[in-house]
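Structure first, commentary second.
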Amino acid sequence: MFSFLVLRRLPLVNPVNRFERSVVEYDPGERPELGLTLYEDQTRSILSKNDSPDLPFRFSLNAYRGCAHGCAYCYARPSHEYLGFGAGADFERRILYKPRAAALLREAFERRSWSGELVFISANTDAYQPLERRLELTRQCLLVCAEYKNPVHIITRSSLIERDLDVLGRLRDHASIGVSVSVTFWDPAAARAIEPYAPPPQRRIETIRRLSAAGIAVTVHVAPVIPGLSDSDVIPILEAAKDAGAVAAMSMPVRLPGAVAQVFSERVRQAFPGRAEKILARIREMRDGRLNEPAFHARFAGKGTYASTIDAVFLATCKRLGFAAAPEPRLGTFTRPTDRGGQLRLF
């Protein structure tokens, strides 16, 4: 004979440690149930060089590893495994930050080899995840870029970028700044289920509006498109983004490399039990029976009739709304404030 004690789950309460150096603040509804564990990343360089033929930039900057937004489909999750962590909850709750990010960027800009190429921010994890509100590492790096007049492009799904409109304005006037805002869902309930700690879609549209009003060229990323789940949101997202002032749009289907496939599948089965298998079947349909296509030139595109239909709807809607091609960054503005006379350019 066995007896069982059933414990009722109580709300998690954890008052802020008064000795804690870093306290993360969240917008309403975005606070996770479990707190973050922070690790200092004492890396010796801040710019990563990209050699992928699928990406339109060579240099990226990431001040954080891991992301507290918790998006189930995030392709960066497997990168946490190289750090000895897991790609699931560890990726969302064990966050590494680079306290010397701005100093390292300044060092990179001072090297004679640096010619002022575009720096792409958030290629791996969101530069404006909640931790940035407190640490301001992204803001500090943007200030360095503005000081050196180095062109920048940022991709984010966070409204926190609005805090830095002053620095973005300096880059707009003296160098080049472009911002891509990712909006995956239009249904806020679906967004909360799959992107639990990111701002809701309508709040991101407001971010597009505020950036555009400040003269910042904004591209809306309707990405990733999840067949059977978010494909019906493509048109309302594009319409809302255009009304808010976005000048360009892009889209790509969901890809689920490595452990992301398990994280995403479990989240979908939990949030949408009646639709989950159909959603996963649709993804396999456009990936030759798999949940991911790792090959260059193919991983950012889907195959088959369903994927082609989604592409056709996206392109037709962009044409109807008058979206242009994404603006090219303005290059040739880079200047070292330590070389006001231009003498170093003689070497």
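Coordinate-derived values only; no laboratory data. Values in this document were obtained by computation on a predicted structure and should not be read as measured data. Reconstructed Cβ throughout: ideal geometry from the backbone, glycine too, with neighbour counts over all protein chains shown.
Could you put Lys319, Lys242 in order, starting from the residue whose Cβ has the fewest other Cβ atoms within 10 Å?
Details: Lys319 9, Lys242 19.
Fewest-to-most ranking of Lys319, Lys242: Lys319, Lys242.
Please compute, for the alpha-carbon atoms of the range 186-228, the extent along each of the three principal axes and give them in descending order in Å.
So the three principal-axis extents are 35, 19, 14 Å.
Would you mind putting 37-48, 92-103 in packing order, based on average other-beta-carbon counts within 10 Å, highest first? Mind dumping the intermediate values first?
Working: 37-48: 14.1, 92-103: 20.2.
The peptides rank, most packed first, as 92-103, 37-48.
If you line up the Cα atoms of the range 37-326 on their principal axes, what length do they span on each, largest first, in Å?
If we take the Cα atoms of the range 37-326, the spans are 53, 46, 33 Å.
The range 205-265: percent of C-alpha pairs farther apart than 13 Å? Present the calculation step by step, with values, prior to reporting the outcome.
On the way: 1174 of 1830 pairs.
Distances greater than 13 Å cover 64 percent of the Cα pairs.
What area, in nm² and to one decimal, does the C-alpha convex hull of the range 93-215 cast on average over all directions? It would help to have the intermediate numbers written out before the result.
Details: hull surface 31.2 nm².
Average projection, Cα convex hull of the range 93-215: 7.8 nm².
Would you list which lysines come within 28 Å of Lys303, measuring only between C-alpha atoms, while excluding same-chain residues fewer than 8 positions from it?
Straight-distance partners of Lys303: Lys242, Lys278, Lys319.
Treating only the Cβ of Lys, Arg, Asp and Glu as charged (+1, +1, -1, -1), what charge dipole size does the range 37-326 show about its Cα centre? Round to the nearest 20 debye.
100
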